Every structure is written in C-alpha cells, then in structure tokens.
Amino acid sequence: MKFEGALLKRGFWLYVWEIKGDSSHHVYVGRTGDTSSPRAQSPFKRIGQHLDPSPNAKGNALGRQLRNAGVNHEECTFEMVAIGPIFPEQTSFAGHVPVRNQVAALERATADEL
C-alpha cells in the first residue's frame, strides 16, 4: 500500500471507488461528512469502515452493497480516487449541515454522471 499523507486529513472529501472482480465491475461514489454528527473523517478512515465485515459494523455501505450483489470483496481489486478536503471539518453541527449538504449534492451529481 502506498498513499500520500494528505489522505489522513479530516474534512469533507468526495471519493470514487472502482471495484473489479473476476466477472464484475462496480463504481461507488461516496463522501465524508457525517449525517448525524459534526464529524468529517478522512477518506483513509472510510476505507476500513466501508469494508468492515463484522455484523455490528456501521458505515459499511460499500461492503453491504457488494455482498448484496453477490460479490466477494476479498477477491476484488480496489482503486480509490479522493478529492479534498473540499471543505474543512466544521466546529459546530449548525456549520456542518450546509457544508455536508453541498458535498452530498456533489456526491449525487458525480454518481449520476458515472
């Protein structure tokens, strides 16, 4: 594994995963910036959360979607491109919400385009 240290920076990021299996090809678009708290993690932290196979895992939307599609993610290759931080992590939930909503709109538009 090789990555730039900037990938550890907290804030609002947009990221795109390309997941290739023997007979499958998937694209997943995501963002950092929690819905229910003023937190905005790094994309590096999201990598582990997305693929956490434990039954009590939270934030593992990518892993769940792959399993639902019948894809064994342990047999895939993953490539992620992350852009950001587009905005810094906010100090209050009131400041967090409008920024989160802007990044969520970018996430949706990117997913629709891809």
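Miscellaneous remarks
- The chain: angle of helix 93-113 to the longest principal axis, Cα-based, in degrees nearest 10: 40 degrees
- Springs between Cα atoms under 10 Å define the GNM used for the chain, and in it the highest mean-square fluctuation of PRO55, PRO43, PRO88 occurs at PRO55.
- Its Cα centre serving as origin, the chain has a Cβ charge dipole (Lys and Arg +1, Asp and Glu -1) of approximately 420 debye.
- Based on Cα contacts under 8 Å between residues 6+ apart, segment 5-113 shows a relative contact order of 39 percent.
- Applying Stokes-Einstein at 20 °C and 1.002 mPa s to the Kirkwood radius of the chain, computed over alpha-carbon pairs, gives a translational diffusion coefficient of 145 µm² s⁻¹.
- At most 10 other Cβ within 10 Å, DSSP loop - trypsin sites (Lys or Arg not before Pro), segment 48-114: LYS58
- Taken one residue at a time, the phi angles of segment 72-83 give Karplus couplings (6.51, -1.76, 1.60, θ = phi - 60°) of 8, 5, 6, 10, 10, 10, 10, 9, 10, 10, 10, 10 Hz. Gly and Pro are set to x.
- P(r), alpha carbons of segment 27-79 - 5 Å bins starting at zero, rounded %: 4, 17, 29, 26, 14, 7, 2
- Net length available on complete extension from HIS25 to LEU106 is 26.9 nm, with 0.36 nm assigned per residue and the Cα-Cα distance removed.
- Theoretical gain in end-to-end length, PHE93 to PHE3 [0.36 nm per residue, Cα-Cα removed]: 29.4 nm
- Working note: 222 nm ellipticity from helices only, DSSP H runs with n ≥ 4, each -39,500 (n - 2.57), summed and divided by the residues of the chain, gives -10000 deg cm²/dmol to the nearest 500.
Where a number appears in this text, it was derived from the coordinates with a stated rule and is not lab data. Every value quoted in this text rests on a predicted model; they were computed, and no experiment measured them. So basically every Cβ, Gly included, is an ideal-geometry build from the backbone, and we count neighbours across all protein chains shown.
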